[in-house]
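Below you'll find the structure, written out as structure tokens, and then a few comments.
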Amino acid sequence: MNKTVKLFFTGTALFTANLLYAQNTILLQVDKGKDTINKNIYGHFAEHLGHCIYGGLYVGDNNKKIPNKDGVRLDVIDALKKLKVPVLRWPGGCFADTYHWQDGIGPKPKRPSMLNVWWGNVKEDNSFGTNEFLNMCEVLGAAPYLSGNVGSGTPQELSDWVKYTTHPNGSSPMPELRVKNGRPNPWNVKYWGLGNEAWGCGGNMKVEYYANVYRQYATFMTNWNNSDKIFRIASGASDDDYHWTEVLMKEIPHNMIDALGLHHYSVISWSKKGPSTTFTEQEYFTTMQRALKMDEYIIGHKAVMDKYDAAKKIALAVDEWGGWYDVEPGTNGAFLFQQNTMRDAMIAGATLNIFNNHCDRVRMANLAQIINVLQAVILTKEEKMIVTPTYHVMEMYNVHQDALMLPVTLTSNDYTVGNEKLKAVSVSASKDKKGLTHISLVNIDAAKAQEVVINIEGAGFKLVSGRILTSDKLQNYNSFENPDKIKPVSFSGAVLDGSKLKVTIPPFSVVVLELK
Ligand code: AHR
């Protein structure tokens, strides 16, 4: 073999070796950050559904068995404070468009009951109402997001709710009612939803009709001062319904709207959702396909919004997202109680990376739901309480809240099942106010570890540390018997070599790194 041919083969071998061992690459541009990751991307959602409110957040003022303050569980408050919940949406969901807020104020024995028609026809005694919710948000340090009844309410009813909660004393009968109910000063309620899923449970409206209804309701929701005005969120599209977004962007005057909603659930099929713990790899893969669709949907809705609002004044609020499976065997089918495994950690990690990377337009998101319902961060059983793998991901990622998003360019290996493939690795990065850089990485591959080479531009770092959430089985979960089976531990799989950071991420794991 002559020298030229030999060099050619040596080069090819080296090139092949590189492809085998360094296919996952990330370019991290530390000096190119432009947009802030709004902390409200890490928001939550609490609906009067199953045991989200009753038994989850609230156990009643007279409960002697479960430690509480004004009926709100102290163990839950403690866990949620660690999560730094920035915003909490309430009271629904579908429930919101059946809810008449005045039924949930004043002395509890006098509050009327209703049937919760969407969620099992159970009796709703209205013992957890506006005052209880808003006081709880103050304790949590979370901004309340009230979802108004547009489906079966009236503009007057919603306008009165704004006045009851936010207007100063003496300005109208509503603030007087608030004072009578023991709350002299207004609460700080900035975020208001005008209906929920108006295309479905919120009234089965056509978008052209809803746009008009929105304009009418928005007109009578008044600001209580000019500096921190009401933030109005329209009931948004489901999945890829770009027409819904287009009509709202076109038909609603932009001074009447601050955000458009978007709902997307990671559900295998609405008629056959599959079990939450005993799923197959194929079911896992399909769930992840659905979860990663979030990126495509956000890109699609952003493109429509950009056409009408190039300055990005109007935010996209993904105010319901998460995994949806069959309920746990033996539980009420209408209560949507499901376990939470490493699959849910993968959904959470990958989805939050998507939100971070789209933070120029996505400025709020609300995981469905906070306790005991769907992809919950907390599960309760009488006096017991556990946190789920999803909780741990939300906690690990809270370093990104209000940090400057750093652009990343990713080349990822495929995670293949049968003839289908997904990107195995997902990533987002940010720089916080203290100057610390954080990188969150997810490897969704069910079997293979991923080696990732991160090329760092625009800054030099000396130290890397991190935490990992992983387990030996994808189907593993925390139970009331074994509550700490899955929890983050310190991570030693990252090596800094000048401007290169090499990371080995085990299968189905979430890693958050800190660089300084
Ligand atoms: O989160 C459960 C339900 O899903 C909500 O009530 C509704 O908005 C959505 O369809």
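From Cα coordinates alone, what are the radius of gyration and Dmax values for segment 358-404 in angstrom?
13.1, 42
Distance in nm between label sites at SER492 and ALA310, each 7 Å beyond Cα in the beta-carbon direction?
Inter-label distance under the simple model: 5.5 nm.
If you fit an axis through the alpha-carbon atoms of helix 281-308 and take the longest principal axis of the Cα set of the chain, what angle between them do you get, 0 to 90°, nearest 10?
Between the helix axis and the principal axis of the chain, the angle is about 70 degrees.
Summarise the long-distance tail of P(r) for segment 291-354 by giving the % of C-alpha pairs beyond 17 Å. Spell out each step's value before the answer.
On the way: 1131 of 2016 pairs.
The calculated P(r) of segment 291-354 puts 56 percent of pairs beyond 17 Å.
Can you give the calculated 222 nm mean residue ellipticity of the chain, where each DSSP H run of n ≥ 4 adds -39,500 (n - 2.57) and the sum is split over every residue, rounded to the nearest 500 deg cm²/dmol?
-8500 deg cm²/dmol
Need the full-extension length gain, LEU115 to ASP402, defined as separation in residues times 0.36 nm minus the C-alpha distance. One decimal, nm.
Full extension of this stretch gives 99.3 nm more.
When the chain is fully extended, how far beyond the present Cα-Cα distance does ASP326 get from SER152, taking 0.36 nm per residue of separation?
59.7 nm
At R0 = 45 Å, how high is the FRET efficiency between ASP70 and ASN255 if r is their beta carbon distance? Nearest 0.05 is fine.
Values: r = 38 Å, r/R0 = 0.85.
Computed FRET efficiency for ASP70 and ASN255 comes out at 0.70.
Expressed as cubic angstrom per residue, what is the convex hull volume of the alpha carbon set of segment 459-516?
77
What's the angle, to the nearest 10 degrees (0 to 90), between helix 242-251's Cα axis and the longest principal axis of the chain?
50
For segment 261-417, give the magnitude of the charge dipole about the Cα centre (Cβ charges: +1 Lys/Arg, -1 Asp/Glu; no others), in debye to the nearest 20.
The calculation lands at about 320 debye.
Points 7 angstrom from Cα along the Cβ direction at LYS516 and ALA303: gap in nanometres?
It works out to 4.3 nm between the two label points.
Please list the equivalent ellipsoid semi-axes of segment 234-344, computed as the square roots of five times the alpha-carbon gyration tensor eigenvalues, in descending order and whole angstrom.
33, 14, 10
Based on the Cβ-Cβ distance of ASN135 and LYS272, what FRET efficiency does E = 1/(1 + (r/R0)^6) give at R0 = 41 Å, to the nearest 0.05?
0.50
Helix 130-140 against the longest principal axis of the chain: what's the angle in degrees, Cα atoms only, rounded to the nearest 10?
It works out to around 40 degrees.
With the radius of gyration and the Kirkwood radius both derived from the Cα set of segment 89-219, what is their ratio Rg to Rh?
In segment 89-219, Rg relative to Rh is 0.96.
Short version: what are the Cα gyration tensor semi-axes of segment 348-488, square root of 5 times each eigenvalue, largest first, in whole Å?
With the √(5λ) rule applied to segment 348-488, the semi-axes are 27, 20, 15 Å.
Based solely on C-alpha atoms, express the radius of gyration and the Dmax of the chain in angstrom.
24.0, 97
Could you work out the per residue convex hull volume over the alpha carbons of segment 410-516, in cubic angstrom? It would help to have the intermediate numbers written out before the result.
Values: hull volume 12.3 nm³, N = 107.
In segment 410-516, the Cα hull volume divided by residue count equals 115 Å³.
About its Cα centre, how strong a charge dipole does the chain have in debye, to the nearest 20, once Lys and Arg get +1 and Asp and Glu get -1 at the Cβ?
Once rounded to the nearest 20, the dipole reads 1120 debye.
For GLN289 and ASP484, calculate 0.36 nm times their separation in residues minus their Cα-Cα distance, and state this gained length in nm to one decimal.
Gain on stretching GLN289 to ASP484: 67.4 nm.
Which FRET efficiency, nearest 0.05, do GLN282 and LYS180 yield, Cβ-Cβ r, R0 56 Å?
The formula returns an efficiency of 0.45 here.
Which value in nm describes the separation of the simple spin-label points at ALA459 and THR504, placed 7 Å from the Cα toward the beta carbon?
Here the modelled spin labels are 2.7 nm apart.
Of all DSSP beta bridges located in the chain, what percent are antiparallel, nearest 5?
The answer is about 60 percent antiparallel.
Grab the eigenvalues of the alpha-carbon gyration tensor for segment 35-86, scale each by 5, take roots, and send me the semi-axes largest first in whole angstrom.
Working through the eigenvalues yields semi-axes of 26, 13, 7 Å.
Which one of VAL399, SER428, VAL373 has its Cα pushed farthest toward the positive end of the charge dipole of segment 339-428, where Lys and Arg give +1 and Asp and Glu give -1 at the Cβ?
Result: SER428, furthest along the dipole toward the positive end.
Read-outs throughout are calculated quantities, based only on the coordinates presented, and are distinct from any laboratory measurement. What you see is a predicted model; the values in this text were computed from it and never measured. Backbone-built Cβ (ideal geometry, glycine too); neighbour counts: all protein chains shown.
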